[in-house]
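Each remark here refers to the structure printed beneath this line.
The values are calculated or read from the model by the stated rules, or taken from the named source; none is laboratory data. A quick note: this is a predicted structure, and the numbers were derived from the prediction, not measured. Using ideal geometry, Cβ is built from the backbone for each residue, glycine included, and neighbour counts are taken over all protein chains shown. Surface accessibility is based on the protein's heavy atoms, side chains included, excluding ligands, DNA and RNA. Shrake-Rupley method; radii C 1.70, N 1.55, O 1.52, S 1.80 Å.
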Amino acid sequence: MAGLDLDPTQLDRYSRHIIMDDVGPEGQAALLDADVLVVGAGGLGSPVIEYLAAAGVGTLAVVDDDTVERSNLQRQILHRDADVGTPKVDSARRYVTDLNPDVNFEGHAVRLTRENARDLLSDRDFVVDCTDNFGTRYLVNDACVLAGVPFSHGAIYKFEGQALTVTPDGPCYRCVFPEAPEEGTVPDCATAGVLGVLPGTMGCLQATEAVKSILGVGDLLTGRMLHYDAASVGFEEVPIARDPDCPVCGDDPIESVEDVEYTGGCTVA
Amino acid sequence: MHVTVEVVGEDVHEFDVEGASYADLLERVDLSPHEVSVMVDGRPVPEDQPVESEHVTVLRLVQGG
């Protein structure tokens, strides 16, 4: 039984998991064996990385080419004042290695691109999309769907958040939003602002989806886009259907992200 | 035709329309086709198509992370 491989320290550290019928020693062993990539170590990525590290996800990879800015610190709780000007993956590494020696941290201080997406995403058990721009968001969707890797989409704006989990047998982000909007038509956090605690709520939902997927328990947020309004404390679900004409998850999909230009509308050629 | 337009996270609007497109509905709720997806039965519909459904869901594109 896999759970017998847990040492006494791990049995203590993860005791509140292990005691749960739906997790148990086997579930905790699955978490320790899991390989998860978090794309973006910002607002959403911070709570995702922190909770997945605490949960004992065995390999936790983070890709982010950004450095910490002082304006990040109102919501990006991985980073400290002293980290301003340093790579975000360095803050993530420090936090994870300080928290949990069971986690093998893999930091990639690069931008996710068409060229490196396959290497970075393909062999993961789960990917968490915590990006802050449409180009990378569509690339994560396309690369994960083509590789058959489940992922959680999350996005935030002022008081509002969205989340959707994409699995190989369900609708993808392009089934909802076939193309990215023209640049400048949808404001980002820098121009519109965002409530500092909002990514905490949405990131925790995404981390929950990752853990559930690894454990194989519960119902994932597939086939429905979750909308959260922090102002009214309201959750709403929008049913999403798989589009057979979707160029990525449909009946005649593209073969590679090389067929897509991840600028402008991220249109499939 | 009586159409219910639900802007997710915002208001629900009721309109009586004849020969309108989905883009016309968006204009009546003061939204641009660039910033939303217009959905019927869980699938996006082209904004320039005539309205054929009595219930339309409008979902905003959000990019922040």
Residue check: is residue A:186 hydrophobic (A, V, I, L, M, F, W, C) and not in a helix (DSSP H, G or I)?
yes
Does segment A:47-68 include one or more residues that are within 17 Å of residue A:211 (Cβ to Cβ), open to solvent by less than 50 Å² (accessible area, probe 1.4 Å), in contact (Cβ under 8 Å) with a residue 60 or more places away in the chain and within 14 Å of chain B (Cβ to nearest Cβ)?
yes
Listed residues A:166, A:176; which is more than 10 Å from chain B (Cβ to nearest Cβ) and open to solvent by less than 10 Å² (accessible area, probe 1.4 Å)?
A:166
With respect to residue A:75, determine if the residue is among the basic types (Lys, Arg) and either within 14 Å of another protein chain (Cβ to nearest Cβ) or surrounded by 17 or more Cβ atoms within 10 Å (Cβ to Cβ) (or both).
yes
Which one of the conditions (1) at pLDDT below 95; (2) at positive phi; (3) not β-branched (Val, Ile, Thr) does residue A:148 fail to meet, given that it meets all the rest?
(1)
Only residues that are of a type outside the set (A, V, I, L, M) and more than 8 Å from chain B (Cβ to nearest Cβ): list them for segment A:150-163, please.
A:150, A:151, A:152, A:153, A:158, A:159
Failed condition for residue A:241, given (1) at the interface with chain B (Cβ under 10 Å from one of its Cβ atoms); (2) open to solvent by 40 Å² or more (accessible area, probe 1.4 Å), with all others met?
(2)
Kindly establish whether residue A:216 is modelled with pLDDT of 95 or more, open to solvent by 20 Å² or more (accessible area, probe 1.4 Å), more than 27 Å from residue B:32 (Cα to Cα) and within 14 Å of another protein chain (Cβ to nearest Cβ).
no
Collect the residues in segment A:14-36 that are open to solvent by 90 Å² or more (accessible area, probe 1.4 Å) and either under 21 Å from residue A:61 (Cβ atoms) or small (Gly, Ala, Ser) (or both), keeping them in residue-number order.
A:33
Before we move on, is residue A:234 more than 13 Å from the chain's Cα centre (by Cα), over 21 Å from residue A:45 (Cβ atoms), away from chain B (no Cβ under 13 Å) and open to solvent by 20 Å² or more (accessible area, probe 1.4 Å)?
no
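Just for segment A:90-137: of the residues that are among the aromatic types (Phe, Trp, Tyr) and part of a helix (DSSP H, G or I), which one is surrounded by the fewest Cβ atoms within 10 Å (Cβ to Cβ)? Full working, then the answer.
Quick first cut of segment A:90-137, residues among the aromatic types (Phe, Trp, Tyr) only: A:95, A:105, A:126, A:134.
Next, only the ones that are part of a helix (DSSP H, G or I) stay: A:95, A:134.
On the way: A:95: 20, A:134: 25.
Looking at the filtered set, the residue picked out is A:95.
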